[in-house]
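To start, the structure itself, in structure tokens.
Every read-out reported here was derived from the displayed coordinates using simple, explicitly stated rules and does not represent laboratory data. All values derive from a computational prediction rather than experimental measurement. All Cβ positions, even for glycine, are placed from backbone atoms using ideal geometry, and neighbour counts span all protein chains on display.
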Amino acid sequence: MLHDPNRVYVFDTTLRDGEQVPGCQLTTPEKIEIAKELELLGVDIIEAGFPVSSPGDFQSVVEISKAVTNPTVCALTRANKGDIDAAVESLKYAKHPRIHTGIGSSDMHIKHKFNSTREEILERAVEAVKYAKKSVEDIEFYAEDAGRADVVYLAQMVEAVIAAGATVVNIPDTNGYCLPDQYGAKIKFLKENVKNIDKAIISVHCHNDLGLATANSIAGLQNGARQIEGTINGIGERAGNTSIEEVVMILKTHQVLGLNTQIDSKRFYELSQMIRTQMRMPVQPNKAIVGSNAFAHSSGIHQDGFLKMRENYEIIRPEDVGFPSATIVLTARSGRHALKFHLERLGFTLDKDELAAVYNKFLTLADVKLDINDEDLQGLMAHRLVKN
Ligand code: KIV
Ligand code: ZN
């Protein structure tokens, strides 16, 4: 089958990188429930855990492997036989198993984490891939801290692990260090200088320490990567991982990029709420795509423009991500159009003079109450004996 060059594979690591966050731990039944939702969302790969890390994580990979059919189920390992053996065992029921093995690639990690040399680390990387390949066909290799790695050494490592059998090469910006143009250039360099790069898919795995995870992932895709790794709500180590919902909606909104995924974006909001609740990790109200304010219009200028034509202030339709609906929030910054809109919704039709009078009362109230609800509006209209 011919590989569609514009297809972007979505690799979800909510249950691995996301679940590592203190307080976000899940039970195996909870992980199964989320994995089934991820399957319905249409992710291509579910990273189900790090089997050697604990018996519970091992069991979760086993049970998720049994529970889902379409997505590839992936298990994380370090570059050693014990980790790989545990991962192979945990994936025995997976219809499409993948081992995700790897090692540090930056001089920082090589010297100060492994107390080793570039040559030795390269050897260990190749050995790990070869060893994993004996048991599982689909092998993803991660070059940890690739964001800070010397690009020529990184290219050497990538070429060697592809020759050893890696089907996907993950170039993580583990510390969220890169600028988008630097990260994009790194992917471009690999694309242009690794001889066997056409035998593997390049994957982007970005962390959000400088708030650039999504921008870096997009830069990677624009330069030839075709797999994006992330989590729902962007949860993950420290400042988190790339938000899958953000990348997918960027690709949908900017069709000019010519890239597509198999994700059913209408499921985003519900899944986001589920992750928020199960993983006990609140979603900031202004979070792109799934935050409670993502489709709330509150200033008078925006509300007026939105009520004239929603596209004036809406580049994504809430229904496209399963969000209940856009909202016009009433605050002291709201204009008459917004007040009129809400009063009409409640059944009150006002002429210009009456609207002006009620608007003044509304502003006085909003200055002290900050956020006005339907009950407050009924109060403002108490002078009316009969609703129109
Ligand atoms: O951020 C990272 O480098 C990782 C690897 C284990 C893939 O999560
Ligand atoms: Zn990570």
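Here the Debye sum runs over all C-alpha atoms of the chain as equal scatterers in vacuum, and log10 of I(q)/I(0) at q = 0.07 Å⁻¹ comes out as -0.39.
Give me the lysines in straight-line cross-link reach of Lys266: C-alpha distance below 30 Å, same-chain residues under 8 apart excluded. Straight-line reach from Lys266, under 30 Å: Lys31, Lys36, Lys66, Lys95, Lys252, Lys287, Lys308.
Here the label points at Ala357 and Gln59, each 7 Å from Cα along the C-beta direction, are separated by 7.0 nm in the simple model. Amide H contacts of Tyr9: Gln227, Ile228, each under 5 Å away and 5 or more positions distant or on a separate chain (H built 1.01 Å from N in the peptide plane; Pro and chain starts excluded). Could you tell me how many degrees, from 0 to 90 and to the nearest 10, lie between the Cα long axis of helix 180-193 and the main elongation axis, the longest principal axis, of the Cα atoms of the chain? The two axes meet at around 30 degrees. When the Gaussian network model of the chain links Cα atoms closer than 10 Å, the mean-square fluctuations of Asp17, Asp198, Asp107 top out at Asp198.
Compared with the dominant principal axis of the Cα atoms in the chain, helix 28-41 is inclined by about 80°. Name the residue, out of Thr13, Thr349, Thr174, whose mean-square fluctuation peaks in a Gaussian network model built on the chain with Cα pairs under 10 Å. Looking only at Thr13, Thr349, Thr174, the biggest GNM fluctuation is shown by Thr349.
Each Cα pair under 8 Å and six or more residues apart adds its sequence gap; the mean of these over the residue count of region 108-237 is a relative contact order of 22 percent.
With the contact rule set at Cα under 8 Å and sequence spacing of 6 or more, what percent relative contact order holds for the chain? If you can, show how the numbers build up before the last one.
On the way: 760 pairs, mean separation 50.8, N = 388.
Averaging sequence separation for qualifying contacts and normalising by length gives 13 percent for the chain.
Based on Cα contacts under 8 Å between residues 6+ apart, region 296-387 shows a relative contact order of 29 percent. Phi-derived couplings, Karplus 6.51 cos²θ - 1.76 cosθ + 1.60 at θ = phi - 60°, listed residue by residue for region 54-70: 6, x, x, 5, 4, 4, 5, 5, 4, 6, 5, 4, 6, 7, 10, 10, 7 Hz, with x used for Gly and Pro.
Within region 9-278, antiparallel bridges make up roughly 5 percent of the DSSP beta bridges whose residues both belong there. Distances between placed amide hydrogens fall under 5 Å for Ile201 paired with Val168, Val169, all partners being 5 or more residues away or on another chain.
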